[in-house]
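> Starting off with a structure, shown below.
The values are calculated or read from the model by the stated rules, or taken from the named source; none is laboratory data. Bear in mind that the values here come from a model prediction, so they are computed numbers and not experimental data. Cβ placement follows ideal geometry from the backbone for every residue including glycine, while neighbour counts extend to all protein chains displayed. Note: areas computed on protein heavy atoms with side chains; ligands, DNA, RNA excluded. Shrake-Rupley method; radii C 1.70, N 1.55, O 1.52, S 1.80 Å.
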Amino acid sequence: MNLEQYVKKKYGAVKPYWFIEEVGLMQNAERVRTVKDIKDYLSGEHNIKNRPKFVYNGEIIEPRRIVINMAKTIISFKSQYLLKNPVTMIGEESMVSKLNHASKLSRYDDKNNKIMTQLVQYGQVAEYVFIDNKGRINSKIIDSENGTPIWNQNNELIGFIESYIFDGITYWYVYDDKTVTEYTNEGGEPHYIGTYISLSGLPIVYKTTDVLDDTSGRSELLDWIPILDNMEDTISKYSDAFYKFMNPIPVVTGQQLRDAIPQEVVGGGINLDDGADFKFESTNLDYNSFRELYGKLNQTLLDVSNTPAVSMNKTDISNLSEVSIKMLFQMADTSAGEYETYMRNGMYQRYEKMARLMRYVGEGSISDDELISLEFKFQYNTPSNNKEVMENLKVQHEMGAISRETIIEQSPYVSDVPLELERLAREGQNSKVEDFSKVSGRVSVSEEETL
(Lines give C-alpha, C1' and ligand atoms only; values in the text may rest on other atoms or scores of the structure.)
Protein backbone atom coordinates (compact mmCIF):
# COMPACT_ATOMS: atom_id res chain seq x y z
CA MET A 1 0.00 0.00 0.00
CA ASN A 2 1.40 3.39 -1.02
CA LEU A 3 0.43 6.84 0.31
CA GLU A 4 -2.23 7.47 -2.32
CA GLN A 5 -3.97 4.17 -1.56
CA TYR A 6 -3.68 4.86 2.18
CA VAL A 7 -5.37 8.27 1.87
CA LYS A 8 -8.20 6.94 -0.36
CA LYS A 9 -8.88 4.05 1.98
CA LYS A 10 -8.85 6.09 5.18
CA TYR A 11 -10.15 9.51 4.14
CA GLY A 12 -11.65 9.15 0.67
CA ALA A 13 -11.57 11.87 -1.97
CA VAL A 14 -13.70 14.37 -0.04
CA LYS A 15 -10.94 15.49 2.36
CA PRO A 16 -8.23 17.37 0.49
CA TYR A 17 -6.68 18.44 3.79
CA TRP A 18 -6.59 14.94 5.26
CA PHE A 19 -3.08 15.52 6.65
CA ILE A 20 -4.48 17.87 9.33
CA GLU A 21 -6.69 15.07 10.65
CA GLU A 22 -3.79 12.60 10.37
CA VAL A 23 -1.56 14.76 12.56
CA GLY A 24 -4.38 15.05 15.10
CA LEU A 25 -4.97 11.29 15.44
CA MET A 26 -4.84 10.06 19.03
CA GLN A 27 -1.56 8.12 18.71
CA ASN A 28 0.16 11.04 16.97
CA ALA A 29 -1.21 13.63 19.39
CA GLU A 30 -0.12 11.47 22.33
CA ARG A 31 3.42 11.20 20.95
CA VAL A 32 3.62 14.98 20.42
CA ARG A 33 2.33 15.59 23.95
CA THR A 34 5.02 13.29 25.36
CA VAL A 35 7.72 15.15 23.44
CA LYS A 36 6.45 18.50 24.76
CA ASP A 37 6.40 17.13 28.32
CA ILE A 38 10.02 16.01 27.93
CA LYS A 39 11.00 19.45 26.61
CA ASP A 40 9.32 21.08 29.60
CA TYR A 41 11.19 18.72 31.94
CA LEU A 42 14.57 19.45 30.34
CA SER A 43 13.86 23.20 30.61
CA GLY A 44 13.43 22.81 34.38
CA GLU A 45 9.69 22.20 34.85
CA HIS A 46 9.89 19.33 37.39
CA ASN A 47 7.20 17.88 39.66
CA ILE A 48 9.04 19.16 42.73
CA LYS A 49 8.09 22.72 41.75
CA ASN A 50 4.45 21.82 42.43
CA ARG A 51 5.19 20.97 46.08
CA PRO A 52 2.58 22.77 48.22
CA LYS A 53 3.22 25.19 51.06
CA PHE A 54 2.86 24.01 54.69
CA VAL A 55 2.10 25.58 58.09
CA TYR A 56 4.77 25.56 60.82
CA ASN A 57 4.47 27.37 64.17
CA GLY A 58 1.37 29.12 62.89
CA GLU A 59 3.13 30.51 59.83
CA ILE A 60 2.82 29.55 56.15
CA ILE A 61 6.21 28.24 55.02
CA GLU A 62 7.46 28.17 51.44
CA PRO A 63 9.09 24.73 51.10
CA ARG A 64 12.41 23.97 49.42
CA ARG A 65 12.00 22.89 45.81
CA ILE A 66 15.43 21.64 44.77
CA VAL A 67 15.69 20.81 41.06
CA ILE A 68 18.32 18.25 40.01
CA ASN A 69 18.66 18.47 36.24
CA MET A 70 21.00 15.48 36.03
CA ALA A 71 19.13 14.17 32.97
CA LYS A 72 20.82 16.80 30.77
CA THR A 73 24.23 15.66 32.02
CA ILE A 74 23.50 12.01 31.25
CA ILE A 75 22.15 12.86 27.78
CA SER A 76 25.29 14.88 27.03
CA PHE A 77 27.48 11.99 28.22
CA LYS A 78 25.70 9.44 26.02
CA SER A 79 25.89 11.65 22.93
CA GLN A 80 29.54 12.56 23.39
CA TYR A 81 30.57 9.03 24.34
CA LEU A 82 29.36 7.71 20.99
CA LEU A 83 30.06 10.64 18.67
CA LYS A 84 32.75 12.88 20.16
CA ASN A 85 35.19 11.13 17.80
CA PRO A 86 33.98 11.53 14.18
CA VAL A 87 32.49 8.48 12.46
CA THR A 88 34.87 7.00 9.88
CA MET A 89 33.55 5.72 6.55
CA ILE A 90 35.13 2.55 5.14
CA GLY A 91 34.68 1.18 1.61
CA GLU A 92 35.73 1.74 -2.00
CA GLU A 93 38.27 4.55 -2.03
CA SER A 94 36.63 6.64 -4.76
CA MET A 95 33.19 6.35 -3.14
CA VAL A 96 34.44 7.20 0.35
CA SER A 97 36.30 10.21 -1.03
CA LYS A 98 33.13 11.60 -2.65
CA LEU A 99 30.92 10.98 0.39
CA ASN A 100 33.53 12.42 2.78
CA HIS A 101 33.78 15.57 0.64
CA ALA A 102 30.00 16.08 0.67
CA SER A 103 29.79 15.33 4.40
CA LYS A 104 32.46 17.82 5.38
CA LEU A 105 30.96 20.60 3.25
CA SER A 106 27.60 20.26 5.04
CA ARG A 107 29.03 19.54 8.55
CA TYR A 108 27.43 16.14 8.94
CA ASP A 109 29.37 15.43 12.15
CA ASP A 110 27.33 18.18 13.86
CA LYS A 111 24.11 16.74 12.39
CA ASN A 112 25.01 13.29 13.74
CA ASN A 113 25.36 14.75 17.24
CA LYS A 114 22.00 16.49 16.95
CA ILE A 115 20.31 13.28 15.77
CA MET A 116 21.88 11.25 18.58
CA THR A 117 20.85 13.80 21.23
CA GLN A 118 17.23 13.80 20.04
CA LEU A 119 17.19 10.00 19.93
CA VAL A 120 18.08 9.89 23.63
CA GLN A 121 15.71 12.73 24.50
CA TYR A 122 12.62 11.78 22.46
CA GLY A 123 13.28 8.32 21.00
CA GLN A 124 12.62 9.47 17.44
CA VAL A 125 13.85 12.03 14.92
CA ALA A 126 13.75 12.42 11.12
CA GLU A 127 16.22 13.63 8.49
CA TYR A 128 15.46 14.86 4.97
CA VAL A 129 18.32 14.86 2.42
CA PHE A 130 18.18 17.52 -0.31
CA ILE A 131 20.27 19.80 -2.53
CA ASP A 132 20.50 23.28 -1.00
CA ASN A 133 20.73 26.68 -2.69
CA LYS A 134 24.54 26.41 -2.86
CA GLY A 135 24.29 23.24 -4.93
CA ARG A 136 25.50 21.08 -2.04
CA ILE A 137 23.99 17.93 -0.62
CA ASN A 138 22.56 18.84 2.77
CA SER A 139 20.12 17.52 5.39
CA LYS A 140 17.28 18.98 7.39
CA ILE A 141 16.72 17.54 10.88
CA ILE A 142 12.99 17.31 11.61
CA ASP A 143 12.11 17.40 15.31
CA SER A 144 9.95 14.57 16.64
CA GLU A 145 7.36 17.16 17.69
CA ASN A 146 7.00 18.41 14.11
CA GLY A 147 7.23 15.11 12.22
CA THR A 148 4.46 12.53 11.69
CA PRO A 149 5.54 9.37 9.81
CA ILE A 150 2.91 7.30 8.02
CA TRP A 151 3.33 3.52 7.95
CA ASN A 152 1.44 0.84 6.05
CA GLN A 153 0.30 -2.56 7.31
CA ASN A 154 3.80 -3.99 6.72
CA ASN A 155 5.47 -1.31 8.89
CA GLU A 156 6.91 0.33 5.77
CA LEU A 157 7.26 4.11 5.63
CA ILE A 158 4.94 5.37 2.86
CA GLY A 159 4.58 9.05 3.76
CA PHE A 160 5.65 11.78 6.14
CA ILE A 161 4.02 15.00 7.38
CA GLU A 162 6.03 17.90 8.73
CA SER A 163 3.98 20.55 10.52
CA TYR A 164 5.05 23.54 12.57
CA ILE A 165 3.92 27.03 13.57
CA PHE A 166 5.94 30.13 12.70
CA ASP A 167 4.81 33.66 13.53
CA GLY A 168 1.27 32.42 14.23
CA ILE A 169 1.01 30.64 10.86
CA THR A 170 0.90 26.85 10.49
CA TYR A 171 2.82 25.18 7.68
CA TRP A 172 2.43 21.59 6.47
CA TYR A 173 4.76 19.63 4.17
CA VAL A 174 3.47 16.30 2.91
CA TYR A 175 6.24 13.96 1.67
CA ASP A 176 5.81 10.93 -0.54
CA ASP A 177 8.45 8.94 -2.42
CA LYS A 178 8.51 11.41 -5.37
CA THR A 179 7.20 14.82 -4.27
CA VAL A 180 6.86 17.32 -1.43
CA THR A 181 3.60 19.27 -1.23
CA GLU A 182 3.35 22.48 0.79
CA TYR A 183 0.23 23.87 2.53
CA THR A 184 -0.39 26.76 4.93
CA ASN A 185 -3.25 28.42 6.79
CA GLU A 186 -1.99 31.95 6.23
CA GLY A 187 -5.05 34.14 5.83
CA GLY A 188 -7.21 31.95 8.07
CA GLU A 189 -7.96 28.80 6.07
CA PRO A 190 -5.69 25.94 4.94
CA HIS A 191 -4.76 26.17 1.28
CA TYR A 192 -2.36 24.65 -1.22
CA ILE A 193 0.98 26.39 -1.96
CA GLY A 194 2.86 24.11 -4.37
CA THR A 195 4.31 20.72 -5.20
CA TYR A 196 8.05 20.10 -5.60
CA ILE A 197 10.03 17.13 -6.89
CA SER A 198 11.77 15.14 -4.16
CA LEU A 199 15.01 13.75 -5.61
CA SER A 200 15.85 11.84 -2.43
CA GLY A 201 12.42 10.40 -1.71
CA LEU A 202 11.01 10.17 1.81
CA PRO A 203 12.75 11.45 4.96
CA ILE A 204 14.78 9.02 7.07
CA VAL A 205 13.21 8.10 10.41
CA TYR A 206 15.67 7.31 13.21
CA LYS A 207 13.98 5.61 16.14
CA THR A 208 14.78 3.57 19.22
CA THR A 209 13.05 0.36 20.23
CA ASP A 210 9.54 0.46 21.71
CA VAL A 211 8.22 -2.92 22.83
CA LEU A 212 4.64 -1.70 22.37
CA ASP A 213 4.99 -0.22 18.86
CA ASP A 214 7.40 -1.20 16.08
CA THR A 215 6.74 2.04 14.19
CA SER A 216 7.59 4.40 17.03
CA GLY A 217 10.55 5.05 19.31
CA ARG A 218 10.57 5.49 23.07
CA SER A 219 12.57 8.03 25.03
CA GLU A 220 15.04 6.57 27.52
CA LEU A 221 14.46 9.68 29.62
CA LEU A 222 11.05 8.33 30.67
CA ASP A 223 12.86 5.67 32.73
CA TRP A 224 14.98 8.23 34.55
CA ILE A 225 12.36 10.83 35.48
CA PRO A 226 10.65 8.81 38.31
CA ILE A 227 14.03 8.20 39.97
CA LEU A 228 15.04 11.85 39.65
CA ASP A 229 11.67 12.94 41.05
CA ASN A 230 12.31 10.84 44.16
CA MET A 231 15.83 12.25 44.52
CA GLU A 232 14.50 15.81 44.33
CA ASP A 233 11.71 15.02 46.80
CA THR A 234 14.13 13.40 49.27
CA ILE A 235 16.71 16.19 49.31
CA SER A 236 14.05 18.95 49.39
CA LYS A 237 12.24 17.43 52.39
CA TYR A 238 15.50 16.79 54.20
CA SER A 239 16.52 20.43 53.72
CA ASP A 240 13.18 21.59 55.19
CA ALA A 241 13.57 19.23 58.13
CA PHE A 242 17.12 20.46 58.75
CA TYR A 243 16.05 24.09 59.03
CA LYS A 244 12.98 23.30 61.13
CA PHE A 245 14.98 21.31 63.66
CA MET A 246 17.53 24.11 64.04
CA ASN A 247 14.85 25.87 66.19
CA PRO A 248 14.94 23.89 69.47
CA ILE A 249 12.42 24.21 72.34
CA PRO A 250 13.75 25.61 75.69
CA VAL A 251 12.79 23.44 78.71
CA VAL A 252 13.19 24.40 82.42
CA THR A 253 13.13 21.63 85.03
CA GLY A 254 12.55 22.81 88.60
CA GLN A 255 11.73 26.28 89.93
CA GLN A 256 13.00 29.47 88.41
CA LEU A 257 13.96 32.31 90.78
CA ARG A 258 12.02 35.54 90.31
CA ASP A 259 14.87 37.94 91.13
CA ALA A 260 15.93 39.81 88.04
CA ILE A 261 19.48 39.91 86.81
CA PRO A 262 21.14 43.35 87.29
CA GLN A 263 20.88 45.48 84.19
CA GLU A 264 24.58 46.39 84.45
CA VAL A 265 25.53 42.83 83.58
CA VAL A 266 26.53 42.53 79.92
CA GLY A 267 24.67 39.76 78.12
CA GLY A 268 21.79 37.71 79.46
CA GLY A 269 21.19 34.82 81.76
CA ILE A 270 18.63 32.81 83.72
CA ASN A 271 18.20 32.55 87.51
CA LEU A 272 17.44 28.99 88.60
CA ASP A 273 16.75 27.55 92.03
CA ASP A 274 19.12 25.03 93.51
CA GLY A 275 18.65 21.71 91.69
CA ALA A 276 16.78 23.24 88.73
CA ASP A 277 17.88 22.61 85.17
CA PHE A 278 17.54 24.40 81.85
CA LYS A 279 18.19 22.90 78.39
CA PHE A 280 17.14 22.96 74.74
CA GLU A 281 15.21 19.98 73.36
CA SER A 282 15.45 19.16 69.65
CA THR A 283 14.82 16.17 67.42
CA ASN A 284 17.91 14.49 66.05
CA LEU A 285 18.04 14.18 62.27
CA ASP A 286 18.78 10.68 60.99
CA TYR A 287 21.31 11.79 58.39
CA ASN A 288 22.54 8.23 57.88
CA SER A 289 19.13 7.18 56.57
CA PHE A 290 19.07 10.17 54.22
CA ARG A 291 22.57 9.43 52.94
CA GLU A 292 21.70 5.77 52.37
CA LEU A 293 18.40 6.52 50.60
CA TYR A 294 19.79 9.29 48.40
CA GLY A 295 22.85 7.20 47.56
CA LYS A 296 20.70 4.23 46.53
CA LEU A 297 18.52 6.42 44.31
CA ASN A 298 21.58 7.96 42.70
CA GLN A 299 23.14 4.55 42.04
CA THR A 300 19.86 3.25 40.64
CA LEU A 301 19.76 6.20 38.22
CA LEU A 302 23.28 5.40 37.02
CA ASP A 303 22.40 1.71 36.66
CA VAL A 304 19.20 2.34 34.70
CA SER A 305 20.88 4.85 32.37
CA ASN A 306 24.03 2.69 31.92
CA THR A 307 26.19 5.60 33.05
CA PRO A 308 29.56 4.71 34.65
CA ALA A 309 29.86 6.11 38.16
CA VAL A 310 33.44 7.13 37.44
CA SER A 311 32.27 9.47 34.66
CA MET A 312 30.01 11.30 37.15
CA ASN A 313 32.82 11.74 39.74
CA LYS A 314 31.28 9.09 41.99
CA THR A 315 34.34 6.82 42.17
CA ASP A 316 38.00 7.51 42.84
CA ILE A 317 40.41 5.80 40.46
CA SER A 318 44.13 5.83 39.79
CA ASN A 319 46.69 3.88 37.79
CA LEU A 320 44.20 1.69 35.94
CA SER A 321 45.19 -0.63 33.12
CA GLU A 322 43.44 -0.71 29.74
CA VAL A 323 41.47 -3.80 30.78
CA SER A 324 40.30 -2.17 34.03
CA ILE A 325 39.09 0.92 32.18
CA LYS A 326 37.14 -1.23 29.72
CA MET A 327 35.48 -3.06 32.62
CA LEU A 328 34.41 0.24 34.21
CA PHE A 329 32.85 1.39 30.94
CA GLN A 330 31.37 -1.96 29.90
CA MET A 331 27.74 -0.91 30.45
CA ALA A 332 28.38 2.40 28.68
CA ASP A 333 29.75 0.42 25.72
CA THR A 334 26.60 -1.72 25.72
CA SER A 335 24.35 1.32 25.64
CA ALA A 336 26.49 3.02 22.98
CA GLY A 337 26.38 -0.15 20.87
CA GLU A 338 22.59 -0.05 20.96
CA TYR A 339 22.48 3.58 19.81
CA GLU A 340 25.15 2.82 17.23
CA THR A 341 22.71 0.35 15.65
CA TYR A 342 20.00 3.04 15.45
CA MET A 343 22.44 5.56 13.97
CA ARG A 344 23.94 3.06 11.54
CA ASN A 345 20.52 2.06 10.15
CA GLY A 346 19.69 5.68 9.41
CA MET A 347 23.14 6.52 8.03
CA TYR A 348 22.97 3.68 5.51
CA GLN A 349 19.78 5.27 4.15
CA ARG A 350 21.32 8.77 4.23
CA TYR A 351 24.37 7.87 2.16
CA GLU A 352 22.29 5.82 -0.24
CA LYS A 353 20.24 8.96 -0.89
CA MET A 354 23.41 11.06 -1.11
CA ALA A 355 24.78 8.64 -3.72
CA ARG A 356 21.57 9.14 -5.69
CA LEU A 357 22.03 12.94 -5.58
CA MET A 358 25.73 12.89 -6.54
CA ARG A 359 25.09 13.09 -10.26
CA TYR A 360 22.89 16.17 -9.79
CA VAL A 361 25.71 18.13 -8.11
CA GLY A 362 28.43 17.14 -10.55
CA GLU A 363 30.17 14.64 -8.28
CA GLY A 364 29.66 11.66 -10.59
CA SER A 365 27.66 8.53 -9.82
CA ILE A 366 28.18 5.83 -7.21
CA SER A 367 27.28 2.27 -8.19
CA ASP A 368 25.40 -0.24 -6.05
CA ASP A 369 28.51 -2.41 -5.86
CA GLU A 370 30.41 0.47 -4.29
CA LEU A 371 27.58 1.15 -1.84
CA ILE A 372 27.63 -2.47 -0.70
CA SER A 373 31.18 -1.96 0.57
CA LEU A 374 30.20 1.07 2.70
CA GLU A 375 30.68 0.61 6.44
CA PHE A 376 30.92 2.95 9.42
CA LYS A 377 33.45 2.80 12.23
CA PHE A 378 32.40 4.37 15.54
CA GLN A 379 35.19 5.09 17.99
CA TYR A 380 33.76 5.40 21.51
CA ASN A 381 35.14 8.13 23.74
CA THR A 382 36.47 5.66 26.32
CA PRO A 383 39.37 6.88 28.48
CA SER A 384 42.41 4.89 27.47
CA ASN A 385 46.05 4.40 28.26
CA ASN A 386 47.43 5.67 24.95
CA LYS A 387 50.93 4.42 25.69
CA GLU A 388 49.66 0.90 26.19
CA VAL A 389 47.57 1.07 23.00
CA MET A 390 50.52 2.24 20.89
CA GLU A 391 52.80 -0.45 22.33
CA ASN A 392 50.28 -3.15 21.43
CA LEU A 393 49.94 -1.78 17.89
CA LYS A 394 53.72 -1.68 17.52
CA VAL A 395 54.07 -5.33 18.60
CA GLN A 396 51.40 -6.43 16.14
CA HIS A 397 53.07 -4.52 13.30
CA GLU A 398 56.46 -6.06 14.08
CA MET A 399 54.82 -9.49 14.00
CA GLY A 400 53.42 -8.72 10.56
CA ALA A 401 49.87 -9.13 11.87
CA ILE A 402 48.64 -5.61 11.17
CA SER A 403 49.09 -3.04 8.40
CA ARG A 404 50.23 0.56 8.75
CA GLU A 405 46.81 1.78 7.60
CA THR A 406 45.09 -0.18 10.39
CA ILE A 407 47.53 1.30 12.91
CA ILE A 408 46.53 4.78 11.74
CA GLU A 409 42.83 3.89 12.04
CA GLN A 410 43.32 2.60 15.60
CA SER A 411 45.69 5.37 16.69
CA PRO A 412 44.25 7.68 19.39
CA TYR A 413 46.22 10.57 17.88
CA VAL A 414 44.66 10.48 14.39
CA SER A 415 41.15 11.84 13.75
CA ASP A 416 41.12 12.00 9.92
CA VAL A 417 42.46 8.72 8.54
CA PRO A 418 42.26 9.52 4.76
CA LEU A 419 44.03 12.85 5.28
CA GLU A 420 46.76 11.21 7.36
CA LEU A 421 47.34 8.55 4.69
CA GLU A 422 47.58 11.27 2.06
CA ARG A 423 50.16 13.14 4.13
CA LEU A 424 52.21 9.97 4.63
CA ALA A 425 52.14 9.34 0.89
CA ARG A 426 53.47 12.85 0.23
CA GLU A 427 56.18 12.41 2.84
CA GLY A 428 57.15 9.09 1.25
CA GLN A 429 57.53 10.72 -2.17
CA ASN A 430 59.55 13.60 -0.76
CA SER A 431 61.85 11.23 1.12
CA LYS A 432 62.50 9.27 -2.09
CA VAL A 433 63.47 12.45 -3.95
CA GLU A 434 65.72 13.47 -1.07
CA ASP A 435 67.42 10.05 -0.96
CA PHE A 436 67.99 10.15 -4.73
CA SER A 437 69.59 13.58 -4.53
CA LYS A 438 71.96 12.36 -1.80
CA VAL A 439 72.95 9.34 -3.85
CA SER A 440 73.55 11.40 -6.99
CA GLY A 441 75.63 13.85 -4.94
CA ARG A 442 77.88 11.10 -3.63
CA VAL A 443 78.43 9.81 -7.17
CA SER A 444 79.50 13.21 -8.41
CA VAL A 445 81.95 13.60 -5.52
CA SER A 446 83.53 10.21 -6.23
CA GLU A 447 83.95 11.15 -9.89
CA GLU A 448 85.76 14.32 -8.94
CA GLU A 449 88.07 12.41 -6.63
CA THR A 450 88.82 9.91 -9.41
CA LEU A 451 89.69 12.67 -11.79
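> Restricting to DSSP loop positions (anything but H, G, I, E, B) with no more than 11 other Cβ atoms inside 10 Å of their own Cβ, which trypsin sites (Lys or Arg not before Pro) remain in the stretch 7-74?
In loop regions of the stretch 7-74 (DSSP not H, G, I, E or B), the sparsely surrounded trypsin sites (Lys or Arg not before Pro) are Lys53.
> Got a number for the accessible area of Asp277? Probe 1.4 Å, square angstrom, nearest 10.
Here the residue's solvent-accessible area equals roughly 70 Å².
> Okay, next question. List every residue whose amide H lies under 5 Å from the amide H of Ile142, counting only residues 5 or more places away in sequence or on a different chain, with H placed 1.01 Å from N in the peptide plane.
Those qualifying (amide H under 5 Å, at least 5 residues apart or on another chain) are Ala126, Glu127, Tyr128.
> Points 7 angstrom from Cα along the Cβ direction at Val414 and Leu222: gap in nanometres?
Going from the Val414 label point to the Leu222 one covers 4.4 nm.
> Let me make sure I get this right: for the stretch 330-425, a, b and c are the square roots of the gyration tensor eigenvalues over alpha carbons, sorted descending. Under 1.5 in a/c it's rounded, otherwise prolate if a/b > b/c, else oblate. Which is it?
oblate
> Starting from the Cα of Asp132, step 7 Å along the direction of its Cβ; do the same at Thr184; then give the gap between the two resulting points in nm.
Roughly 2.2 nm, to one decimal.
> What ranking do 172-180, 414-422 get when scored by the average of other Cβ atoms within 10 Å per residue, highest first?
In decreasing order of mean packing, 172-180, 414-422 become 172-180, 414-422.
> Sort Val129, Val211 by accessible area with a 1.4 Å probe, largest first.
Reading off the accessible areas and sorting them downward yields Val211, Val129.
> Calculate, for the stretch 1-54, the solvent-accessible area per residue in square angstrom, rolling a 1.4 angstrom probe over the heavy atoms of the protein chains.
64 Å²
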